[in-house]
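**Q** The structure under discussion is supplied below as structure tokens; questions concerning it will follow.
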Amino acid sequence: MDQFFQQLINGLTLGSLYALIAVGYTVVYGIVQLINFAHGEVFMIGAFGALSTYLLLFDDQTQVWILPIMLIGAIAASVITAVLMERVAYRPLRNAPRLAPLITAIGISVFLQEAVRLFYDKIPGFPSAKQRIPFPQIDVVTGPAIQIGDVTIQRAGIFTMAALAVCSALLWYFVNRTRLGRGMQAVSQDPDTASLMGINVDRIIVVAFAMGAVLAAIAGVSQGLQNSNIDFRMGFLAGLKAFTAAVLGGIGNIQGAVVGGLVLGVVEAMAIEYIPGQFGGSSWKDVWAFVILILVLVFRPQGLLGARVVDRA
Amino acid sequence: MNERITERLKLPDSVVQKYGRFGWPLGLAGVALVIVGAFLSWSYDPDVLGDLSLNLYPGGLQILAIIIALVSLALLLIVRGPLKPRFGPWVDAALGLRAAGTWLLIYMALIVAGISAEAGGLINVNPGGWVALLGALLLFAGSRLIAPSAELRDLSEAKVPSSLEILVIAVMMAAILFGAAYALGREDAWSFVLFLVFAGGLIAIGVRTGFVTWFGHSSIRNRKVLTLAAFVVAFFFPFTQGGSDANMSIATQVLIFAATAMGLNIVVGLAGLLDLGYVAFLGAGAYVAAMLSNSAFATIDWKPPFVVVMLCGAGVAATLGLIIGSPTLRVSGDYLAIVTLGFGEIFRLSMFNLDGTNGPLLTNGPNGIPAIPDLEIGSFNFGDTHEVLGIELARFSNYYFLLLALLAFVILVFTRLNNSRIGRGWVAIREDEKAAEAMGVNTFGLKLLAFAVGAFLAGLAGTIKAHQDVAVSPDQYIFLESAFLLAAIVLGGMGTVAGVLLGATILKLLPEKLRFFSEYRLLFFGLLLVLMMRFRPEGLVASRRRQLEFHEEDEELAVAVESELAEEVGK
């Protein structure tokens, strides 16, 4: 049973990370029906933004008060990237056939990865991003794991889960209780009518991108703390998994993204433990995640919680 | 692009009216200066950009300048002179001259920049170079002053004897063969880039004068000749290499890439189904071939002849294609893209894991299957050097011919399907699936067929690739490779044969020849995708119909497409 709880905790940790990223996919998709394939890169740039802030301001320090400032740095980097990407690449394609933005997204994704890989060490004092870069260790949120009975919980894992809880609450408040959030809901239901009602649709779209970027940046920092290193490729797999999570929960549905992320994380962790024989174990966990993605898309494309029926060619 | 530059550099009408009479003499003087300059020495240092340091004995890059100058001379004579009555009403000589002026100026400026960068300083540029640069400048200025011809006749009405058309096609093809051989022979990046500028200039002139339009019409009339000529040219390419295998290695890679991209073109270009995991089919073929090969690391103890291996590889790939295609019953659009991406990753991870400890021993996991022996069909070993007509054809040349046959087969399948009931069904599905279904098109069956045929062709290519690459490993089949294949199609023009061949060539050839930028290759690749989607989403060689899908509000284009369709039906 201990094994079960251990894997449950591992799964929830992993799932929280997926959930934080998945919100970005789901919000953007809900409003402009665009799979922002480059969102994984926004997450990666968030992690690098945090690292840059640390290297510039607090090199070699470990006090916990550094963390919020690192988070701000991460959020700034991610939001700037996401907003620029929307403005420069996606906005001109808003009425283009569906293929165009998807290919653009792949292009942006490759471009951002390469830009970080090639140019990160051009900034004086920064390490080369061609290999993995160690991520700073911060008091309280990293360090010796906490033991409850036989279950081990990493401190960074707790940070991730706490971040998800806080972000979900704020997100709920933002979407349901603020003018901007309600404008967002209106645009996602019917952009034309919303704009007739005086909602600036362009602005709402930018806000959606920025909101996704904020959560992705927090996820980036969490991943850095958990793995204690980051690299320029980290966005691809995480982005794909997070997209799976968003689909699993019902894309376009914010609560769905959170639930989907947690479910996906737990399923992955359980697959490691409970699938017997050679096809179990950690080397197949990614395969199982993709199998879930395909099964969900085929059999329940509206996701677990359901969202607007998506039917577009 | 050229259009944009030319528009921006346009002089105000008043200036053209006032000084227009100087345009023609100025252009003529420019052409004369360029030719004279090209016969003089350009560079003090004989070791840069080939040898440009001799007087009266033009080197390769100088001859290119002379060619552009001669083309400009012909255009000048069309504007005013003996060629005017014959060609004046058809050829837009003034716009052609503007393109020639612009590109010749870019070319000469790059030459000067190249010499000074390679040899160390402008001091190394000899008078000839400056004379030619001045000539280019004069031609540039003069061409701006020549007013465009007022009335031009529709080029589709231009009638010349069909023997002449065939001759032009043959000459064009021969020019492409020599151009390709010449470009591949350039060792240094500067010369290669300069040749590209030269080729770009000629193409721009062709587009602006209307030659390309005319050539397009005449090649539609003589399609079979054109196809045949293209393959004859490709067939003779190894014989231009003088036994050297270095360029043939690049050429074989281009062919494999092109054949795979052409298979993907069926799925994406014809049926409109976005597949982001297509490289898995190539990988499936390659892995099957490797496992059934005589390699000491092969994991299956059955060594059938290669024809059987090919069919097995393609069969396995096609089966995978059917499996991957099956969700199309329920998902479409972006969702389908993600499903295929997921399948692609599952394939790669499976190949990575099936190493005996994490699953049955099939692929040796991350190490892959190395030491795959060369193909041997009958008594013909592809690894040996054979001599044909006194020219040695080494290993890669042998594979080149095999791959060329494969590419021909793939193109045949593509065009036959495209012109069939099936192909029309695909177009209908692509443009409006619901309407197609209502008209009685079996949408699910046709979509599955697209996946299966595409996968089959990629599997075929994969079986040859395994032998040619000597080894297979999971990291050859990553997502980025699928993205590259897709990019070749997008860049060239979805659903076209010529476009995809062009796109595949550009994407494989440029990084090989421009080693200095290999570090930035992917960066530019990403940027290229974004810019293409922004400015020319229909690709370099666009099928009109595709173009219309991306520019729905363009009424003129719609009319053109309609008349073209009518023409096709009438034929």
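**Q** A:Ala82 is checked against (1) closer than 20 Å to A:Gly212 by Cβ; (2) in a loop (DSSP other than H, G, I, E, B); (3) not charged (D, E, K, R) and fails just one. What number does that condition carry?
**A** All conditions are met except number (2).
**Q** Filter segment B:275-298 down to the residues that are buried (at least 24 other Cβ atoms within 10 Å of the Cβ) and over 19 Å from B:Ile464 (Cβ atoms) and list them by number.
**A** B:Asp275, B:Leu276, B:Gly277
**Q** Further question: Filter segment B:304-363 down to residues that are crowded, with 18+ Cβ neighbours inside 10 Å, facing chain A (nearest Cβ under 8 Å) and closer than 30 Å to B:Glu376 by Cα, then give me how many there are.
**A** The number of residues fulfilling the criteria is 2.
**Q** I'd like to know if segment B:261-280 contains one or more residues that are over 22 Å from the mean Cα position of the chain (by Cα) and at pLDDT 90 or above.
**A** Yes.
**Q** If I filter segment B:117-142 down to residues being assigned to a helix (DSSP H, G or I) and of a type in the set (Val, Ile, Thr), which single residue comes out as nearest to the chain's Cα centre (by Cα)?
**A** Per the criteria, the residue is B:Val131.
**Q** Just to check your reading of the model, which residue among B:Arg521, B:Arg515 is modelled with pLDDT under 70 and either within 18 Å of the chain's Cα centre (by Cα) or not hydroxyl-bearing (Ser, Thr, Tyr) (or both)?
**A** B:Arg515
**Q** While we're here: What is the number of the single condition among (1) of a type outside the set (Phe, Trp, Tyr); (2) assigned to a helix (DSSP H, G or I); (3) surrounded by 17 or more Cβ atoms within 10 Å (Cβ to Cβ) that B:Ser518 does not meet?
**A** All conditions pass for B:Ser518, except number (3).
**Q** Any residue that is within 14 Å of chain A (Cβ to nearest Cβ), without any contact (Cβ under 8 Å) to a residue 12 or more places away in the chain, closer than 21 Å to A:Ser109 by Cβ and in a helix (DSSP H, G or I) - is there at least one of those in segment B:500-509?
**A** no
**Q** Taking the condition of being in a loop (DSSP other than H, G, I, E, B) and either at the interface with chain B (Cβ under 8 Å from one of its Cβ atoms) or more than 20 Å from the chain's Cα centre (by Cα) (or both), how many residues in segment A:101-148 meet it?
**A** The total comes to 18.
**Q** Which residues, taken from segment A:90-100, are more than 7 Å from every other protein chain (Cβ to nearest Cβ) and in a helix (DSSP H, G or I)?
**A** A:Tyr90, A:Arg91
**Q** Taking segment A:291-305 as the search range and keeping residues that are surrounded by 19 or more Cβ atoms within 10 Å (Cβ to Cβ) and either within 7 Å of chain B (Cβ to nearest Cβ) or touching a strand residue (DSSP E or B) at 6+ places or on another chain (Cβ under 9 Å) (or both), which one is farthest from A:Gly252 (Cα to Cα)?
**A** A:Ile294
**Q** From the list A:Ala50, A:Ala82, A:Ala74, pick out the single residue that is away from every other protein chain (no Cβ under 14 Å), in contact with a His (Cβ under 9 Å, 6 or more places away or on another chain) and aliphatic (A, V, I, L, M).
**A** Exactly one residue qualifies, and that residue is A:Ala82.
**Q** In addition: Determine whether A:Ile75 is in contact with a helix residue (DSSP H, G or I) (Cβ under 6 Å, 6 or more places away or on another chain) and more than 27 Å from A:Ser228 (Cβ to Cβ).
**A** It is false that A:Ile75 is in contact with a helix residue (DSSP H, G or I) (Cβ under 6 Å, 6 or more places away or on another chain) and more than 27 Å from A:Ser228 (Cβ to Cβ).
**Q** Something else now. I'm told A:Ile204 meets every condition in (1) within 14 Å of chain B (Cβ to nearest Cβ); (2) assigned to a helix (DSSP H, G or I); (3) of a type in the set (Val, Ile, Thr) except one. Can you identify the failing condition by its number?
**A** Result: A:Ile204 fails condition (1) only.
**Q** Surrounded by 12 or more Cβ atoms within 10 Å (Cβ to Cβ) and at pLDDT below 90, is that true of A:Gln185?
**A** yes
**Q** Starting from residues that are touching a residue at least 40 places away in the same chain (Cβ under 8 Å), in contact with a helix residue (DSSP H, G or I) (Cβ under 6 Å, 6 or more places away or on another chain) and not acidic (Asp, Glu), keep the ones in segment B:510-524 and report whichever is nearest to the other protein chains (Cβ to nearest Cβ).
**A** Checking each candidate, the answer is B:Leu522.
**Q** Next up: Within segment A:262-298, how many residues are over 22 Å from the mean Cα position of the chain (by Cα) and not hydrophobic (A, V, I, L, M, F, W, C)?
**A** Residues in segment A:262-298 being over 22 Å from the mean Cα position of the chain (by Cα) and not hydrophobic (A, V, I, L, M, F, W, C): 8 in total.
**Q** Here's a follow-up. Just give me the residues in segment A:264-290 being in a helix (DSSP H, G or I) and at the interface with another protein chain (Cβ under 7 Å from one of its Cβ atoms), in sequence order. Show your work before the answer.
**A** Applying the first criterion (in a helix (DSSP H, G or I)) to segment A:264-290 yields A:264-274, A:277-279, A:282-290.
Listed by number, the residues that qualify are A:Gln278, A:Phe279, A:Ser283, A:Trp284, A:Asp286, A:Val287, A:Phe290.
**Q** Being at pLDDT below 80 and among the small types (Gly, Ala, Ser) is the filter here; which residues of segment B:331-372 pass it?
**A** If the condition is that a residue be at pLDDT below 80 and among the small types (Gly, Ala, Ser), then B:Ser332, B:Gly333, B:Gly356, B:Gly359, B:Gly365, B:Gly368, B:Ala371 are the ones that fit.
**Q** Which ones in segment B:383-418 are among the β-branched types (Val, Ile, Thr) and either surrounded by 14 or more Cβ atoms within 10 Å (Cβ to Cβ) or out of contact with any strand residue (DSSP E or B) (no Cβ under 8 Å at 6 or more places or on another chain) (or both)?
**A** B:Val388, B:Ile391, B:Val410, B:Ile411, B:Val413, B:Thr415, listed by residue number.
**Q** Tell me, which residue of segment B:365-382 that is under 25 Å from B:Phe257 (Cα atoms) and polar (S, T, N, Q) is surrounded by the most Cβ atoms within 10 Å (Cβ to Cβ)?
**A** Across segment B:365-382, the extreme among qualifying residues is B:Asn381.
**Q** Moving on. Filtering segment A:239-253 down to residues that are part of a helix (DSSP H, G or I), buried (at least 24 other Cβ atoms within 10 Å of the Cβ) and among the aliphatic types (A, V, I, L, M), which residue is nearest to the other protein chains (Cβ to nearest Cβ)?
**A** Start the filter on segment A:239-253 by keeping residues that are part of a helix (DSSP H, G or I), which leaves A:239-249.
Filter once more, keeping what is buried (at least 24 other Cβ atoms within 10 Å of the Cβ): A:239, A:241-249.
With the extra rule that they be among the aliphatic types (A, V, I, L, M), the set shrinks to A:242, A:245-248.
Numbers: A:Ala242: 12, A:Ala245: 12, A:Ala246: 10, A:Val247: 7, A:Leu248: 12 Å.
Restricting to residues being part of a helix (DSSP H, G or I), buried (at least 24 other Cβ atoms within 10 Å of the Cβ) and among the aliphatic types (A, V, I, L, M), the top hit is A:Val247.
**Q** Based on this model, can you work out whether B:Gly185 counts as farther than 28 Å from B:Ala32 by Cα and either acidic (Asp, Glu) or surrounded by 15 or more Cβ atoms within 10 Å (Cβ to Cβ) (or both)?
**A** When the stated conditions are applied, B:Gly185 passes them.
**Q** Restricting to segment A:159-173, name every residue that is hydrophobic (A, V, I, L, M, F, W, C) and either without any contact (Cβ under 8 Å) to a residue 24 or more places away in the chain or surrounded by fewer than 17 Cβ atoms within 10 Å (Cβ to Cβ) (or both).
**A** A:Ala162, A:Ala165, A:Val166, A:Ala169, A:Leu170, A:Trp172 - these are the residues of segment A:159-173 that are hydrophobic (A, V, I, L, M, F, W, C) and either without any contact (Cβ under 8 Å) to a residue 24 or more places away in the chain or surrounded by fewer than 17 Cβ atoms within 10 Å (Cβ to Cβ) (or both).
The values are calculated or read from the model by the stated rules, or taken from the named source; none is laboratory data. Small disclaimer: the values here were computed from a predicted structure and weren't measured. Reconstructed Cβ throughout: ideal geometry from the backbone, glycine too, with neighbour counts over all protein chains shown.
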